[in-house]
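Since the structure comes first, as structure tokens, the remarks are kept for the end.
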Amino acid sequence: MSDLSVSLNWERSEPEFAAGAYSTAHRVDYNDALAVTMDAAPEYHGDPANGNPEQALAAALASCHMMTFLALAAKAKWPVASYRDHAVAHLGKGPKGRVAVTRIDLNPEVGFDDGFEVSDEDMAKMQDRAHRYCFVANSLAEHVEVKVG
């Protein structure tokens, strides 16, 4: 298998380091080609202009699910023309009583070449297969819901 990495860099910008008085904004570098400014979620005093780890988790899951779906659809000779998703990570108390991402909802919308259609049942089966084979989904302990249609 492979090892995949990111680099993270945070530096204090305030004169002193004190609880509740420092920025959590930091940079995450992917493959030395992409830098993303991350922060805490806004309700935890992060800058809403920056991404946050919970969104990154939802993005990782949505991206992995899409790539898995595309691979399965290509094998099934489904002529996929577009794929969109709006993933939502929900924070709450997990089974251990700690704050966690307790559910991630995926809302995929798939478009096909003109004249090609699949039944709602076949789409649901393909989305379920994509979820079962997605590496990120298989790494998560909490609930993921794929809402088709």
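Every number here is computed from the coordinates shown, using simple stated rules; none is lab data. What you see is a predicted model; the values in this text were computed from it and never measured. Cβ: placed from backbone, ideal geometry, glycine included. Neighbour counts: every protein chain shown.
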The chain - Rg and Dmax from Cα coordinates, angstrom: 18.6, 64
Aspartates and glutamates whose Cα lies under 19 Å from that of Lys93, excluding same-chain neighbours fewer than 8 positions away: Glu43, Glu54, Asp105, Glu142, Glu145
The long-range amide H neighbours of Val144, using H built 1.01 Å from N in the peptide plane and a cut-off of under 5 Å, are Ile104
Gain in span if fully extended, Lys147 to Arg129, counting 0.36 nm per residue against the direct Cα distance: 5.1 nm
Nearest-0.05 FRET efficiency for Glu11 and His90 at R0 = 35 Å, using Cβ-Cβ distance, is 0.65
Leaving out same-chain residues fewer than 8 places away, which lysines sit with a Cα under 21 Å from that of Lys125? Lys75, Lys77, Lys147
Subtracting the Cα-Cα distance from 0.36 nm times the residue separation, let me have the gained length for Tyr22 to Asp3 in nm, one decimal. 3.6 nm
For the chain, with a Gaussian network of springs between Cα atoms less than 10 Å apart, report the residue from Asn31, Asn50, Asn107 with the top mean-square fluctuation. Asn31
List, in order, the whole-Hz ³J(HN,Hα) value for each residue of the range 120-125 obtained from phi through the Karplus relation with A = 6.51, B = -1.76, C = 1.60 and θ = phi - 60°; use x for Gly and Pro. 4, 5, 5, 5, 4, 5
In a shell of Cβ-Cβ distance under 15 Å around Met38, excluding Met38 itself, what net charge do Lys and Arg (+1) and Asp and Glu (-1) give? -4
With +1 at each Lys and Arg Cβ and -1 at each Asp and Glu Cβ, the charge dipole magnitude of the chain around its Cα centre, to the nearest 20 debye, comes out at 520
